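The block underneath contains the structure these notes are about, expressed in structure tokens.
The values are calculated or read from the model by the stated rules, or taken from the named source; none is laboratory data. Because the structure is a prediction, the values reported are computed rather than measured. We place every Cβ from the backbone using ideal geometry, glycine too, and count neighbours over all the protein chains shown.
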């Protein structure tokens, strides 16, 4: 783990938390998402922004702890059948 990866992970966690906590501000800034409203029901845009924020937090924590490369390797192995 390097200082750079820690700071990038911390920024991702802060941005993700911001998306979850201040969802209305993001809706006012970026507007409603027609796909989310149609597929996720009423309030779908809010749900979408909150889910994206949670994913950012998760990826940020993995980046801060140095586990993000393991996740990427596992995903590539599962998706493409790659072996070590």
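Below is a table of values for the structure above.
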{"quantity": "Test set (1) in a helix (DSSP H, G or I); (2) surrounded by 11 or more Cβ atoms within 10 Å (Cβ to Cβ) - residue 1 fails condition number", "calculated": "(1)"}
{"quantity": "Meets criteria (in contact (Cβ under 8 Å) with a residue 12 or more places away in the chain, part of a helix (DSSP H, G or I), surrounded by 10 or more Cβ atoms within 10 Å (Cβ to Cβ) and within 11 Å of the chain's Cα centre (by Cα)) for residue 8", "calculated": "no"}
{"quantity": "Single residue of segment 18-31 satisfying the filter (surrounded by 13 or more Cβ atoms within 10 Å (Cβ to Cβ) and free of Cβ contacts under 8 Å to residues at least 24 places away in the same chain) that is farthest from residue 2 (Cα to Cα)", "calculated": "27"}
{"quantity": "Of all residues making up segment 57-77, the number that are in contact (Cβ under 8 Å) with a residue 24 or more places away in the chain and not in a helix (DSSP H, G or I)", "calculated": "1"}
{"quantity": "Yes/no for residue 45 being in contact with a helix residue (DSSP H, G or I) (Cβ under 6 Å, 6 or more places away or on another chain), at negative phi, part of a helix (DSSP H, G or I) and without any contact (Cβ under 8 Å) to a residue 40 or more places away in the chain", "calculated": "yes"}
{"quantity": "Lone qualifier among 39, 83 - being part of a helix (DSSP H, G or I) and at pLDDT below 95", "calculated": "39"}
{"quantity": "Which numbered condition residue 78 fails, given (1) within 27 Å of residue 1 (Cβ to Cβ); (2) under 18 Å from the mean Cα position of the chain (by Cα)", "calculated": "(2)"}
